[in-house]
Amino acid sequence: MDLAKLIERAKGICLSPKAEWPKIAAETTDVKSLYVGYAAILALIPAICGFIGMTVIGVSMPIVGTIRTPIAAGLAQLIIGYVLGLGVIYLVGMIVNALAPTFSGEKNLIQALKLVIYSSTPVWIAGVLSLIPMLGVLTIIAALYGLYLLYIGLPVLMKNPEDKSIGYTALIVVCYIVAALIVSVVIGALAGGAGMMRGRF
């Protein structure tokens, strides 16, 4: 997917999702194309902006002053968070696919990955807010919109009855939260270790 198509897809899924999901469902693609042509590119937004926000701009605190993450730890967080984030997308896609029959849907890994990747678009775009760490909390709004995209996309891509989408979505959210918590712990541990090692040299 070239940049123009990427922008058009991001615009379509965010502004007119009910019209965009059927188009996405009808497309023939593979895992590599979904990642290289879309997910890997948009996921760079929060990764890079978060790095700049925390290591260059920092967070201003009363009395203490501006707090910044050390460059080494920031780079470690950027790389580890980026890679693990893309991994979580694939893991959740597998879970969505595995759960399909439970909610009377049809198993199809590519469709499941399309669903998870494209519904993540608002969160990736909102990652630009990480340039100003204090605004990062606003990404919660983007995350909620992403869940809405997931909800309305489920019956289109996974072919489940619409009345079962609420339960399907709720279970996916639980899986997302668990995965996010695990990733946060791993990033903190690995990035902290990388920062300490760098500080010794």
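Every number in this text was worked out from the coordinates using simple rules, so none of it is lab data. These numbers were taken from a predicted model, which means no experiment stands behind them. As a convention, Cβ positions derive from the backbone with ideal geometry for all residues, glycine included, and neighbour counts pool all protein chains shown.
Using the 10 angstrom Cβ neighbour count as an exposure proxy, how do Cys14, Cys49 rank, fewest first?
Details: Cys14 17, Cys49 21.
In increasing order of surrounding Cβ atoms, one gets Cys14, Cys49.
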Any lysines with Cα under 21 Å of the Lys11 Cα? List them, leaving off those in the same chain fewer than 8 positions away. Lys23, Lys114
What's the magnitude of the charge dipole for segment 3-195 around its Cα centre, counting Lys and Arg as +1 and Asp and Glu as -1 at the beta-carbon? Answer in Debye, nearest 20. 160 debye
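Per 0.36 nm of contour for each residue apart, how much would the distance between Tyr148 and Ala98 grow if the chain were fully extended, relative to their Cα-Cα spacing?
Values: separation 50, 0.36 × 50 = 18.00 nm, distance 2.06 nm.
This chain segment gains 15.9 nm when fully extended.
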Mind ranking 115-121, 30-36 by how tightly packed they are, going by the mean number of other C-beta atoms within 10 angstrom, highest first? 115-121, 30-36
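How big, in percent, is the set of alpha carbon pairs in the chain lying more than 28 Å apart?
It works out to 30 percent of all Cα pairs.
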If N is the residue count of segment 1-105, its Cα Rg over 2.2 N^0.38 Å rounds to 1.42
